[in-house]
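Structure, as structure tokens:
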Amino acid sequence: AVGTVTAGSTADDNARVRALKALQVQQDEASDEFERKCRELEKELDEKTRPLAAKRRAIVNGTEAAEGAAAEPIEHFWLKAIENHTMLGGEVRAHDIPILQHLVDIELVNELDGGQEGFKLNFEFSANDYFTNTVLTKTYIMDEDDDDTLEDVRGCEIKWKPGKDVTVRTVTKKQKKKGKERVVTIDEPVDSFFSFFSPPSVPEEGADIDDDEAEELQNALEQDYAVACIYRDKLVPNAVNWYTGEAEESDDDEDDEYGGEDDDEDDDDDDEDDDDDINSEEEEEEPEPPRRGGKGGKPAAKPTPKPATKAAPLALAAAGAPAADCKQ
């Protein structure tokens, strides 16, 4: 086999291979020690920054006075911080803004229940006219043996008040059937910041999906995870500088994910679509059911599936880099 020492190698060759394998063991042990120390340092950092985040929350929401100022809330602190980041701000639509004005805190949780590897983002909201939740959560669970592999991603159910769901729009359509016309009302999805809390599902290990579906799912998960990494590594720990506009973005935050300036035009087109009347009226022909016998009498044959691929766990390697590279 290629890359192996075959039978008949000399004693000197075998001795050299044994020496190299011994070095490899030492290399692996050093890597394991490095990873262990990194986890210890991350835990120590989390313990030190947790009370600082709590104090920031108190000052932002006016429950604690800053030195030299009265205890009053900072208006729309988190909304402005999000909008000042190109990628995150690009997820916000006009209909999201009145809701995000009620966003009072974003908390990063690095210790998950049950000792799972990963992190959770808690978005806390004050009482509002749109939903009854006080906290919206997004959880990323990584493989405990490989933190470059996403094992699961979990959103949460947003309990929208009647008629207030900004992630869908009600569309009225006219359907014609055998000369008769009827009107139906359906909900269609629209772009929204709050779609972030309804992530694509990671299929169970061994699930049979074709190559195209696997690629589409992989791309969706990578982009979702990239957004989460920005919250985790940039916005949450450095919120005040995003609020003031002093923070700087790295090139890969924008160009690698959205393709630079070209996609800005697409975003403008999307915004125009979102501004359309929420109740639109369209006509469509309703297909007639197939007749028995003759053409249409038999159901169409199912397309031959492409070779299935093992879809989960999915290694998230956005733009060719491992998921861990999101942290900067």
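The values are calculated or read from the model by the stated rules, or taken from the named source; none is laboratory data. All values derive from a computational prediction rather than experimental measurement. A quick note on method: Cβ atoms are made from the backbone with ideal geometry, for glycine too, and the neighbour counts reach across all protein chains shown. The protein model used for the area step is the full one, side chains on, heavy atoms only, and it has no ligands, DNA or RNA in it. Shrake-Rupley method; radii C 1.70, N 1.55, O 1.52, S 1.80 Å.
Could you go through the range 133-143 and let me know if any residue there is assigned to a helix (DSSP H, G or I) and acidic (Asp, Glu).
Step one: filter the range 133-143 for residues assigned to a helix (DSSP H, G or I), giving none.
Looking for residues that are assigned to a helix (DSSP H, G or I) and acidic (Asp, Glu), one finds none in the range 133-143, hence no.
What's the number of the condition VAL184 fails, among (1) outside any strand (DSSP E or B); (2) exposed (fewer than 13 other Cβ atoms within 10 Å of the Cβ)?
So the condition that VAL184 fails would be (1).
Pairs needed: first member in the range 124-136, in contact (Cβ under 8 Å) with a residue 24 or more places away in the chain; second member anywhere, surrounded by fewer than 17 Cβ atoms within 10 Å (Cβ to Cβ) and among the aromatic types (Phe, Trp, Tyr); C-beta distance under 6 Å; at least 6 residues apart or different chains.
Matching pairs, first to second residue: PHE131/TRP160.
How many residues are farther than 18 Å from ALA66 by Cα, in contact (Cβ under 8 Å) with a residue 12 or more places away in the chain and of a type in the set (A, V, I, L, M, F, W, C) if we restrict to the range 39-55?
Selection size over the range 39-55: 0.
Is it the case that the range 178-188 has a residue that's touching a helix residue (DSSP H, G or I) at 6+ places or on another chain (Cβ under 7 Å) and either within 15 Å of ALA228 (Cα to Cα) or in contact (Cβ under 8 Å) with a residue 12 or more places away in the chain (or both)? Explain how you work it out, then say what you get.
As a first pass, look at the range 178-188 and keep what is touching a helix residue (DSSP H, G or I) at 6+ places or on another chain (Cβ under 7 Å): none.
So far as the range 178-188 goes, no, none of its residues is touching a helix residue (DSSP H, G or I) at 6+ places or on another chain (Cβ under 7 Å) and either within 15 Å of ALA228 (Cα to Cα) or in contact (Cβ under 8 Å) with a residue 12 or more places away in the chain (or both).
State whether one or more residues within the range 50-59 are among the small types (Gly, Ala, Ser) and over 40 Å from the mean Cα position of the chain (by Cα).
Start the filter on the range 50-59 by keeping residues that are among the small types (Gly, Ala, Ser), which leaves 53-54, 58.
Subset that is over 40 Å from the mean Cα position of the chain (by Cα): none.
Looking through the range 50-59, none of the residues is among the small types (Gly, Ala, Ser) and over 40 Å from the mean Cα position of the chain (by Cα).
Right, ASP28: charged (D, E, K, R) and more than 27 Å from the chain's Cα centre (by Cα) or not?
Values: charged (D, E, K, R): yes; more than 27 Å from the chain's Cα centre (by Cα): yes.
Yes.
Residues being touching a helix residue (DSSP H, G or I) at 6+ places or on another chain (Cβ under 8 Å) and either open to solvent by less than 50 Å² (accessible area, probe 1.4 Å) or of a type in the set (D, E, K, R) (or both): count how many of those fall in the range 190-227.
Filtering the range 190-227 for residues touching a helix residue (DSSP H, G or I) at 6+ places or on another chain (Cβ under 8 Å) gives 190-194, 196, 199-200, 202-203, 209, 222-227.
Okay, now just the ones that are also either open to solvent by less than 50 Å² (accessible area, probe 1.4 Å) or of a type in the set (D, E, K, R) (or both), so 190-194, 196, 199-200, 202-203, 209, 222, 224-227.
Selection size over the range 190-227: 16.
Only one residue in VAL153, VAL135 is closer than 30 Å to ALA58 by Cα, open to solvent by 20 Å² or more (accessible area, probe 1.4 Å) and β-branched (Val, Ile, Thr), so which one is that? Steps first, answer last, please.
On the way: VAL153 fails: open to solvent by 20 Å² or more (accessible area, probe 1.4 Å).
Going through VAL153, VAL135 in turn, just one is closer than 30 Å to ALA58 by Cα, open to solvent by 20 Å² or more (accessible area, probe 1.4 Å) and β-branched (Val, Ile, Thr): VAL135.
Is at least one residue of the range 163-173 surrounded by 15 or more Cβ atoms within 10 Å (Cβ to Cβ), modelled with pLDDT of 95 or more and not in a loop (DSSP other than H, G, I, E, B)?
no
Which of the following residues is at pLDDT 95 or above, open to solvent by 80 Å² or more (accessible area, probe 1.4 Å) and in contact with a helix residue (DSSP H, G or I) (Cβ under 9 Å, 6 or more places away or on another chain): GLU29, GLU83?
GLU83
Go through (1) within 18 Å of THR137 (Cα to Cα); (2) not in a loop (DSSP other than H, G, I, E, B) one by one and return the number of the condition PRO200 breaks.
Every listed condition holds for PRO200 apart from (2).
Name the single residue, out of those in the range 86-123 being among the acidic types (Asp, Glu) and at pLDDT below 95, that is nearest to ALA247 (Cα to Cα). Before the answer, list the steps.
Let us first name the residues in the range 86-123 that are among the acidic types (Asp, Glu), namely 91, 96, 105, 107, 111, 113, 117.
Subsequent filtering for residues that are at pLDDT below 95 retains 111, 113, 117.
Details: GLU111: 27, ASP113: 32, GLU117: 29 Å.
Per the stated criteria, the residue is GLU111.
I'd like to verify a number: residues in the range 86-111 that are assigned to a helix (DSSP H, G or I) and open to solvent by less than 70 Å² (accessible area, probe 1.4 Å), how many? Talk me through it step by step, then tell me what you get.
Going through the range 86-111, the residues assigned to a helix (DSSP H, G or I) turn out to be 86-89, 94-100.
Now restrict to residues that are open to solvent by less than 70 Å² (accessible area, probe 1.4 Å): 87-89, 95-100.
The qualifying residues number 9.
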